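Report on the following structure.
The values are calculated or read from the model by the stated rules, or taken from the named source; none is laboratory data. Quick caveat, the model's predicted, so the values are computed rather than measured. Backbone-built Cβ (ideal geometry, glycine too); neighbour counts: all protein chains shown.
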Amino acid sequence: MDRRKSEQELLEKAKKPGIRALKLHPLYKGKIEVIPKCAIRNLEDFSIWYTPGVAEPCKEIFRDPENVFEHTNKGNTVAVITDGTRVLGLGNIGPLAALPVMEGKAILFKYLGGVDAFPICLDTVDAEEFIRTVKLLAPSFGGINLEDIENPKCFYILERLRAESPIPVWHDDQQGTALVTLAGLINALKLVKKRLEDVKITLVGFGAANVCIAKLLIKAGADPRKMIIVDSKGILNTKRDDIAESYKEKIEFSRITNVEGRDGGIEEALVGQDVLIALSKPGPGVIQKEWIGKMAPNAIAFLCANPIPEMWPWEAKEAGARVVATGRSDFPNQVNNSLGFPAVFRGALDVRARMITDEMCIAAAYELAKCAEDRGLHEEYLVPTMEEWEVFPRVAVAVAKKAIEQNVARLSFSEKELFKMAEEKIRRAREEVQVLMENGVIKLCEDE
């Protein structure tokens, strides 16, 4: 195969979704709408759904606030909230330009998790104002999904809201990416016959995703002393004097990682390492083949920059990496947080969890890994794909069970009951879309 031609074809392919998006977004004028879920036989039914009948459920909720989950959709509704300061690979484009992304997130919630999600783009870059606004919105929602917030502000916002909100708060750029990365690594380590607690891990890039990945890996059993972290200025260590005091995550990881005190950049950080997890700037060429060649035998490389990974996956393989993953759907082993957040919220909402703990994320990662293992692991199949919809109720059950075990759930069900609840809601959401398309309510573009 002509390598240069192959790379050009991939670059052209990467442009196609954007071209189609510019055509189809104006066709639909957005991607979500509000439709009734109750029966409306005639206008007389509004005396039940609205006044005067609606006063009775209002009084029930006033008598006992927990009744809100019985009389409204609060328990199945998530707010997808951003300030537009770090949107995909676009950066600080503001709340209006972030809205298409938040709508896209909402349809993933619905189609993959049966969760009714609604985009909310806040016109503020102030962390305290953001936190206050989210807390004021909490009565209307069963959960909060934070999205596309610049760091280090995103860490502070998540920490505060997890501690102070009466409903579960999750930051998908942190926890979702970390969950799916952990799932992929669990299975990659099985293939190369290494243990999480033994391996030496290098993380390239230290934005929101890799900060949370590092934290979750440690909580799952990885040894921080064997970790090496590289930010835009080099390897983190205690000798660095260029780290702002306000960036407490970098200060903390400078102290607990890199016990050998390595200096340098990506090349030096990869020598002898078992695992590379890269979420840095788009490539190719950010990471060189010869650097991968300096890793330990049977190395694992997760190259997850979007839209182009830090290096082409075949180059990593040629350099000696045994297992390679990326963030792209057109390469094997796509590490995509869409495999995580719909199921996590499905499980959390079904038991009315007060929060989403790290242990719930780890339980989700292990179940996601087990789903792939049950189908048959190999070097080009580490985690399920989004087409394998039966994965989502399984992961939802794992999350719900852990919430019950940790006493953060308001409700308790058996495993069988949990699976039935999750499966029915997810199946219903997918079938709704199909019915609407088949009946022409959702129209297809003529040349699609």
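Considering the conditions (1) without any contact (Cβ under 8 Å) to a residue 24 or more places away in the chain; (2) touching a Gly at 6+ places or on another chain (Cβ under 6 Å), residue 243 is excluded by exactly one of them, (2).
Cβ-Cβ distances below 8 Å connect the following pairs, each with a first residue in region 383-397 that is surrounded by 16 or more Cβ atoms within 10 Å (Cβ to Cβ), a second residue that is among the acidic types (Asp, Glu) and part of a helix (DSSP H, G or I), and a separation of six or more residues or different chains: 393/423; 394/367; 395/367; 396/350; 397/367; 397/415. All of (1) of a type in the set (Gly, Ala, Ser); (2) outside any helix (DSSP H, G or I); (3) crowded, with 21+ Cβ neighbours inside 10 Å hold for residue 343 with one exception: (2).
Quick grid of which residues meet (1) of a type outside the set (Gly, Ala, Ser); (2) at pLDDT below 95; (3) part of a helix (DSSP H, G or I):
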site	(1), (2), (3)
85	yes, no, no
89	no, yes, no
97	no, no, yes
119	yes, no, no
123	yes, no, no
130	yes, no, yes
133	yes, no, yes
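Out of curiosity, is residue 93 surrounded by fewer than 20 Cβ atoms within 10 Å (Cβ to Cβ) and either at pLDDT below 95 or not assigned by TED's automatic domain parsing to the domain that holds residue 432 (or both)? Spelling it out, residue 93 is indeed surrounded by fewer than 20 Cβ atoms within 10 Å (Cβ to Cβ) and either at pLDDT below 95 or not assigned by TED's automatic domain parsing to the domain that holds residue 432 (or both).
When only residues in region 29-65 that are among the acidic types (Asp, Glu) and assigned to a loop (DSSP other than H, G, I, E, B) count, which is nearest to residue 115 (Cα to Cα)? Talk me through it step by step, then tell me what you get.
Within region 29-65, the subset among the acidic types (Asp, Glu) is 33, 44-45, 56, 60, 64.
Now narrow it down to the ones that are assigned to a loop (DSSP other than H, G, I, E, B): 33, 64.
Working: 33: 14, 64: 25 Å.
Checking each candidate, the answer is 33.
Taking first residues from region 347-372 that are touching a residue at least 60 places away in the same chain (Cβ under 8 Å) and assigned by TED's automatic domain parsing to the domain that holds residue 215 and partners that are crowded, with 21+ Cβ neighbours inside 10 Å and assigned to a loop (DSSP other than H, G, I, E, B), no Cβ contact under 6 Å between residues at least 6 apart in sequence or on separate chains turns up. For region 287-330, a residue qualifies if it is touching a helix residue (DSSP H, G or I) at 6+ places or on another chain (Cβ under 8 Å), closer than 28 Å to residue 386 by Cβ and surrounded by fewer than 20 Cβ atoms within 10 Å (Cβ to Cβ), and the qualifying residues are 307, 322, 330.
Looking at the structure I just gave you, is residue 30 surrounded by 15 or more Cβ atoms within 10 Å (Cβ to Cβ) and either of a type in the set (S, T, N, Q) or in contact (Cβ under 8 Å) with a residue 40 or more places away in the chain (or both)? Reasoning before the result, please.
Details: surrounded by 15 or more Cβ atoms within 10 Å (Cβ to Cβ): no; either of a type in the set (S, T, N, Q) or in contact (Cβ under 8 Å) with a residue 40 or more places away in the chain (or both): yes.
Judged against the criteria, residue 30 is not a match.
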